[in-house]
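Comments concern the structure below.
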Amino acid sequence: MKQLVITREDTLTYAVGESINTLCTNLSASGARRVLFTSCEEGAGKSFVAFHTARRLAEMGRRVALVDGDLRRSSLCARHGIYLDGERRGVSHYLAHQAGYKEVVYATSVPGLSLVPVTEPVFDAAHLLGGERLGKLMARLSACHDLVLVDTPPVGLISDALMIAAVCEGAVLVAGDNAVRRRELTVARQQLEDAGARVLGLVINRVPHRKKQYGSYGEER
């Protein structure tokens, strides 16, 4: 398996690290093996949460695959300094029958963590996500890993997250502190569950230090 090196390391505060640990514990207890991370709004930090959850689970000894499901505006690799050398094959190539499974699943410099990246933007993502290849990819990843986590676009803005939810068992909603209304979260939850993914929980991100509440990140990110 080809390997990617993660060159950019985030320094997590104690509060952030403990929140990630709690999320990992809750995910493991949920029994869901295919879980997507999404939000109601852009800039909620869902990619940050998905990446560090996947990384921490791998450090805990789990075999984890992280799938970049944001085919239109991916920021995952750039955000963490993950670069691909040579011929670049990713999620869209597999979904379009242009690459095989082994060509798009990369080992990383974190033992136990695999990554299926987006290597170039796709504007007709719904066409690719609506085919049978997405289900085949998730099934193959599930057979080789303990957990498959998918970073998706915000739910409600476009249909991509709901199409991915159809092949997942659970979903985690990420929201910025005071950034969305309760009704928006309720609608997003109903949409995800109608698509087939049980909402496992809500992560409130960018909570200032003064707000000492369970599940918060404790600082602005």
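Within the range 7-30, being of a type in the set (A, V, I, L, M, F, W, C), open to solvent by 20 Å² or more (accessible area, probe 1.4 Å) and free of Cβ contacts under 8 Å to residues at least 60 places away in the same chain holds for Leu12, Ala29. Residue pairs whose Cβ atoms lie under 6 Å apart, separated by 6 or more positions or on different chains, with the first residue in the range 158-173 and farther than 12 Å from Gln191 by Cβ and touching a residue at least 12 places away in the same chain (Cβ under 8 Å) and the second open to solvent by 10 Å² or more (accessible area, probe 1.4 Å) and among the basic types (Lys, Arg), are Cys168/Arg34; Glu169/Arg34; Gly170/Arg198. Of all residues in the range 141-186, those being in contact with a strand residue (DSSP E or B) (Cβ under 8 Å, 6 or more places away or on another chain), assigned to a strand (DSSP E or B) and either of a type in the set (S, T, N, Q) or closer than 26 Å to Val105 by Cα (or both) number 11.
When the strands (runs of 3 or more DSSP E) confined to the range 31-140 are screened for residues that are touching a Cys at 6+ places or on another chain (Cβ under 7 Å) and open to solvent by 20 Å² or more (accessible area, probe 1.4 Å), none reaches at least 2 such residues.
Can you tell me how many residues within the range 167-186 are at pLDDT 95 or above and open to solvent by 40 Å² or more (accessible area, probe 1.4 Å)? Adding up the residues that qualify gives 1.
The values are calculated or read from the model by the stated rules, or taken from the named source; none is laboratory data. Note that the coordinates shown come from a computational prediction; the quantities given were computed from them, not determined experimentally. With ideal geometry, Cβ positions are generated from the backbone for all residues, glycine too; neighbour counts draw on all protein chains shown. Side chains are part of the model used for accessible areas, which takes the heavy atoms of the whole protein and leaves out ligands, DNA and RNA. Shrake-Rupley method; radii C 1.70, N 1.55, O 1.52, S 1.80 Å.
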